[in-house]
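A.B. asks: Below you'll find the structure I mean.
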Protein chains: 2
Amino acid sequence: MCTTGGILFAERGLQVDTRYYLTYNRIHKTIRRLAGRILESGFDPDVIVAIGSGGFIPGRIIRTYIDRPILTVGLSYYRKNNKPQEIPKKIQWIDEVENKLSGKKVLLVDEVDDTRVTLEYCLKELLRHGPAEIAVAVLHNKRKAKRGIIPQEISRYFVGEELEDRWICYPWDAKDIDEQERLAREMGQIQKK
Amino acid sequence: MCTTGGILFAERGLQVDTRYYLTYNRIHKTIRRLAGRILESGFDPDVIVAIGSGGFIPGRIIRTYIDRPILTVGLSYYRKNNKPQEIPKKIQWIDEVENKLSGKKVLLVDEVDDTRVTLEYCLKELLRHGPAEIAVAVLHNKRKAKRGIIPQEISRYFVGEELEDRWICYPWDAKDIDEQERLAREMGQIQKK
């Protein structure tokens, strides 16, 4: 599934695909740079919290560069009164959460900061458990007006890559990974970094 | 980190690297076939449980083909009395686990079935919570004598790919993903499937 926010432009009667098709290797490199910036900032987390399910893969790759235990929280979304607003609902939380987060430096990892609603929800919930600090690391941030806000307690926010407000097609969502690679090449999204 | 079990053969005075270097795309395709076999078997899970942190990426990719909520359990390992036996220890479990697993069909996902100790531990713990059925899906099984056993309650065990008892270098563990790709090509591990 590509994340929402994309548009298809009609141009000369043809539909132009403006989505970002990303490869695993490009994302791996983005996360390597992201982890480097986190470490350079002096932030030394005790624990990684990955927001599921989008944050599972970025969180696991980050651990290759910042080797800390990974906890996860799982969220799903529902629409209230059929309105197009996504309301997060916990599908899994951290057991014995106070023990595991109290006084700890937490690196909260997600796939994309889109509307920011998920991040706001997670940050507020996690802050209730008395962590020493929470820093946010998102693989991608979409440049757009946000509906959610980052609570003022959060002073560190790291982004792997800034993207325009278009659909992002992640490789893990691809039914056909060869087709994903082909589209990524066509879109010029494979960067030789 | 490459999983244990590998050996380096001395051959004509040179060390030959017998490790499996795997690419993300190869793994994505392996999981596509694995998911296909699970669905063809008639097993229709209610929930996926990914064993962390190795199962996070396989679990997330499986969800692209079998779209169910993912719960996670996190394990770490310690050595008892300095013996080379890995004893699993929970670092995260499922909150309200009885509610979430009782009467449910569970697809338990992990990266590799190596010694089988992790699987045995997880299966026994999860069986205590009264699921209707648990099926196991591992990305890789190593052909070797196992220290752990699959409890007799488990009748479905799915493997993405059978491998010899050698080190497996997963792409998510690669510090340098270009080097991983190069080594995978050299080892002839990139399959055009």
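A.B. asks: In segment A:35-78, what residues are more than 17 Å from A:Glu125 (Cβ to Cβ), surrounded by fewer than 19 Cβ atoms within 10 Å (Cβ to Cβ) and either at the interface with another protein chain (Cβ under 8 Å from one of its Cβ atoms) or polar (S, T, N, Q) (or both)?
C.D. replies: Scanning segment A:35-78 gives A:Ser41, A:Tyr65, A:Pro69.
A.B. asks: In segment B:24-39, is there at least one residue being under 25 Å from A:Gly54 (Cβ atoms), touching a Gly at 6+ places or on another chain (Cβ under 9 Å) and not in a helix (DSSP H, G or I)?
C.D. replies: no
A.B. asks: Considering each of B:Ile57, B:Ile51, B:Ile62 in turn, give the residue that is more than 19 Å from A:Ile70 (Cα to Cα) and under 17 Å from the mean Cα position of the chain (by Cα).
C.D. replies: B:Ile62
A.B. asks: Can you tell me how many residues within segment B:128-158 are basic (Lys, Arg) and without any contact (Cβ under 8 Å) to a residue 40 or more places away in the chain?
C.D. replies: Qualifying residue count, segment B:128-158: 3.
A.B. asks: List the number of the failed condition for B:Val117; all other conditions in (1) among the hydrophobic types (A, V, I, L, M, F, W, C); (2) at pLDDT below 95; (3) closer than 17 Å to B:Ile31 by Cβ hold.
C.D. replies: Going through the list (1) among the hydrophobic types (A, V, I, L, M, F, W, C); (2) at pLDDT below 95; (3) closer than 17 Å to B:Ile31 by Cβ, B:Val117 breaks only (3).
A.B. asks: Something else now. Just to be sure I understand the filter: pairs with C-beta atoms under 7 Å, separated by 6 or more residues or on different chains, first member in segment B:80-100 and away from every other protein chain (no Cβ under 14 Å), second member at pLDDT 85 or above and in a helix (DSSP H, G or I). Which pairs pass?
C.D. replies: Sorted first by the residue in segment B:80-100, then by its partner, the pairs are B:Glu86/B:Val117.
The values are calculated or read from the model by the stated rules, or taken from the named source; none is laboratory data. This one's a predicted model, so the numbers in the text were calculated from it and none came from an experiment. When we count neighbours, we look across all protein chains shown, and the Cβ atoms used for this are built from the backbone with ideal geometry, even at glycine.
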